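These notes concern the structure reproduced below.
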Amino acid sequence: DTVTLDADLSKGLRIAGIAPLPDSIEAGQPLPVVIYWRAIAQLPAVEPDIALIDASGREIARDAGAPVYGGYPTDRWQVGQMVSDRRLLHPDPQAEPGTAEVIARLNGQSVLLGSIELTPSEREFYAPQPQVTLEATFGEWASLAGYDLEPELVAAGGPLALSLHWVARAASSTDAVVFVQLLTPDDRVIAQDDSAPAQGRWPTSGWVPGQVVTDRHALRFTDTEYRGKARLIAGMYDPNTLTRVLTADGHDHVVLATVTIH
């Protein structure tokens with residue numbers, strides 16, 4: 001579905017429509033905005049931005065730059081062409097609840113794309129009490145305080161699940177993916193799970209300092225016959241580059257435990 005707008009943002013650049021916006025999001029929750037631009041005249045290279053403005057007029061999120069992740073400048077568009085452009089807004093995690101407007105802006109002109117309701121956050125702030133405690137820091141924005149493992153005795157082929165207890169130090173500019181792996185002594189991966197923290201409920205770009213994120217992972221076994229010792233490791237990586245986030249001591253993961261698979 002598309003919400004039709006047919007609004008001119010500047011000479012030659014029209015917003016034909018947008019994908020429907022959600023009715024509401026929590027403060028700090030990413031907001032994807034899909035805009036359908038149409039070139040109605042030959043365009044120079046312009047960079048419209050998309051912003052989220054709260055009821056007081058304060059900008060609480062912004063995505064700027066050339067359309068299509070910077071890869072399709074407007075001066076390359078053909079007259080009459082429609083271009084689909086996805087933007088991702090990261091609202092201030094501490095933004096006040098209330099109605100916020102999504103707008104497109106260029107050279108002092110603006111077009112209202114729609115409005116959403118910012119609802120109170122359900123973030124948690126407490127001292128985590130994991131079964132096993134750790135002190136591991138990833139980048140400048142995440143600490144791993146420990147984990148819970150279930151079951152303690154692991155059978156060949158699983159099941160095996162664990163809950164990581166993250167403490168936010170700051171928000172990240174990247175929505176990192178958490179990985180958990182079970183490795184044989186010769187570093188062969190026999191079980192794994194990769195997912196955004198809390199199954200995407202709390203992306204790292206929306207973390208607030210001091211926030212605690214409980215992050216459960218159920219590992220999928222690729223080798224259901226292996227028995228013996230195995231290392232359980234965890235870490236984070238940038239899904240755009242697959243580059244792992246380094247710990248404070250320069251490693252690209254942390255060893256959680258050595259388990260025996262029966």
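The values are calculated or read from the model by the stated rules, or taken from the named source; none is laboratory data. These figures come from a predicted structure and were not determined experimentally. Every residue, glycine among them, receives a Cβ derived from its backbone with ideal geometry; neighbour counts consider all protein chains shown. Ligands, DNA and RNA are stripped out before the accessible areas are found, and what is left, the full protein with its side chains, is counted by its heavy atoms. Shrake-Rupley method; radii C 1.70, N 1.55, O 1.52, S 1.80 Å.
Brief remarks on what is shown
- Paramagnetic label reach from GLU225 (point 7 Å along Cα→Cβ; backbone nitrogen cut-off under 19 Å): within the range 236-262, residues 261-262.
- Our Cα-only numbers for the range 32-78 put the radius of gyration and Dmax at 12.8, 39 Å.
- Each of PRO32, TYR147, ALA127 was scored by the projection of its Cα onto the charge dipole of the chain, and the greatest displacement toward the positive side belongs to PRO32; charges sit on the C-beta of Lys, Arg, Asp and Glu.
- Answer label, with percent of Cα pairs over 27 Å apart calculated from the coordinates and candidates (1) 50; (2) 47; (3) 61: (1)
- Heavy-atom accessible area with a 1.4 Å probe sorts THR99, THR4, largest first, into THR4, THR99.
- Peptides 250-262, 16-28 ranked from most to least packed give 16-28, 250-262, packing being the mean of other C-beta atoms within 10 angstrom over each peptide's residues.
- Here the accessible area is traced with a 1.4 Å probe on the protein chains. For the range 69-194, carbon and sulfur cover 47 percent of it.
- Projecting the Cα atoms of LEU246, PRO44, ALA156 onto the charge dipole of the chain, computed from C-beta unit charges around the Cα centre, puts PRO44 farthest toward the positive end.
- For the range 54-135, a/c is not less than 1.5, where a ≥ b ≥ c are the root eigenvalues of the C-alpha gyration tensor, and a/b does not top b/c. That puts it in the oblate class.
- Among 186-195, 124-133, sorting by the average number of other beta carbon atoms lying within 10 angstrom of each residue, highest first, gives 186-195, 124-133.
- Given charges at beta-carbon only (K, R positive; D, E negative), |dipole| of the chain in Debye: 480 debye
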